[in-house]
Amino acid sequence: MDTKQRILDEALTLFSEKGYANVFVGDIAERVGIKAPSLYKHYKSKKAIFDAIIDEMNRRFAEQAKAMQINGTDAAQDAGIYENLSEDRLLKLGREFFLYYLHDDYNRKIRKMLTLEQFHDKELAKAYSKLYVDDPLSYQGMLFGYLTAAGLLKTDNVEIMTLHFYAPIYYLLTVCDREPDREEEMLNKLDQHIMQFDRLYGRTK
């Protein structure tokens, strides 16, 4: 692993353990085993390290989505895939995404850090909302919009339908964050949620 990647990994671990505000560049450098001036050769500031961590998380998500044979950010491209999914495949995809967000090291640690820092830093509160509320709702809303236009879902309010889908999943994820021993219970609820949503809103495949 190169030094730039080690800086990101160690910084993220420290941020998740101590909180973003309580970690200084010198702390990160010490954890990596280099001097602060050497760290500045790679990243100009703690904020630059944070931004690079988010970029790395997004890169990892893109790799995961590709492995699952979807785009994950382009709703128009993914709409055609969802049109032809069996319910079994839909459930499998739902679990794969859920488990990825739950166990991916970057997602898990960033979510922990932002959960703590949202009460102390307005910018990090905005970052939390963007990553775990606004962006997922935007993508899923566009996806459901395409599927509704194609007659595969039935609703007169795509925005509320999207909330009906995403809010329970977010809830199940946060339960697992707090109580890891309930993971299997939450996965079973996830399956039930997806099946009920699928039937309530009238997907035809």
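Would you confirm, using the coordinates I've provided, whether residue 72 is in contact with a helix residue (DSSP H, G or I) (Cβ under 9 Å, 6 or more places away or on another chain), under 30 Å from residue 149 (Cα atoms), small (Gly, Ala, Ser) and at pLDDT below 90? Even if it seems obvious, please write down each step before you answer.
Values: in contact with a helix residue (DSSP H, G or I) (Cβ under 9 Å, 6 or more places away or on another chain): yes; under 30 Å from residue 149 (Cα atoms): yes; small (Gly, Ala, Ser): yes; at pLDDT below 90: yes.
Yes; evaluated as a whole, the condition is true for this residue.
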Matching residues in region 23-53 - criterion: being within 30 Å of residue 97 (Cα to Cα) and surrounded by fewer than 15 Cβ atoms within 10 Å (Cβ to Cβ)
47, 48, 51
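The values are calculated or read from the model by the stated rules, or taken from the named source; none is laboratory data. Because the structure is a prediction, the values reported are computed rather than measured. Quick reminder, even Gly has a Cβ in these numbers, built from the backbone with ideal geometry, and neighbours come from all protein chains shown.
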